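Some notes on the structure that comes next.
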Amino acid sequence: MIRIALVGDIGSGKSYFSKLFKFPVFNADLEVTKIYDKDKNFNILIKNKFPQELFSFPLKKEELIKFILADPRNLKKLSKIVHPIVKKKLNIFLEKNKNKKFVILDIPLYLENKLRLKNDVIIYLDSKNKDIKSRLLKRKSFNNKLLKLLKKIQLSLSAKKKKSDFIIKNDFTTKKAKRSVKYILTQLKHERNNT
């Protein structure tokens, strides 16, 4: 199994591209949403960690945003609870898909959380700032202050780019996106056959 990780800026199109590969996808953001919505043990953990806060179940995104913005250190504290749960879910996903040719990892903090293995293939999605901004503004839960906080905990885009095996110029057109994915899969299959 070859693990393909998609990296790039917030809103650069990682989730969209992950689906184009047509292989099993681990979407960390989706897993976090499931944890907030359905994991009662997580809810108990955060209530114990932050007894002064009133968190509902399922956890509402607005509550979390307010909580994080009230004290930026809360993001780190919350991450220490969420990330181990997500990592367990990743391990289950990898075990379940161990016989697949490829799996796609859509994990925003993939490099930051040191999830990279030696043979992982990293694809950087290079998108124009104006395109990203227009996409982010369409998101229901968009919050510019939160966006700035999230960017602070991520590697710089130049560092992500430097660590990548492939760079895709994403102009948000389906035809070019599909062509880029096809090219990368062809390259990887060719490399795999020659080793």
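The values are calculated or read from the model by the stated rules, or taken from the named source; none is laboratory data. These numbers come from a predicted model, not from an experiment. Note: ideal-geometry Cβ built from the backbone for every residue, glycine included; neighbour counts use all protein chains shown.
Side notes on the structure shown:
- Within the stretch 158-195, the set of residues being among the polar types (S, T, N, Q) and either more than 14 Å from G8 (Cα to Cα) or surrounded by 13 or more Cβ atoms within 10 Å (Cβ to Cβ) (or both) comprises S164, N170, T173, T174, S180, T186, Q187, N193, N194, T195.
- Residue list for the stretch 78-134, restricted to those being modelled with pLDDT of 90 or more, among the β-branched types (V, I, T) and closer than 23 Å to S180 by Cα: V103, I104, I107, V121, I122, I123
- Checked against (1) part of a loop (DSSP other than H, G, I, E, B); (2) in contact (Cβ under 8 Å) with a residue 60 or more places away in the chain; (3) among the hydrophobic types (A, V, I, L, M, F, W, C); (4) over 24 Å from I132 (Cβ atoms), L94 meets all criteria but (1).
- When L155 is tested against (1) surrounded by 12 or more Cβ atoms within 10 Å (Cβ to Cβ); (2) in a helix (DSSP H, G or I); (3) of a type in the set (A, V, I, L, M), exactly one condition is not met: (2).
- Apart from one condition, S12 fits all of (1) polar (S, T, N, Q); (2) in contact (Cβ under 8 Å) with a residue 40 or more places away in the chain; (3) assigned to a helix (DSSP H, G or I); the exception is (3).
- Here S141 clears all of (1) among the small types (G, A, S); (2) under 30 Å from N41 (Cα atoms); (3) modelled with pLDDT of 90 or more except the condition numbered (3).
- Cβ pairs under 7 Å, 6+ apart, first in the stretch 55-69 and modelled with pLDDT under 85, second of a type in the set (V, I, T): F55/I46
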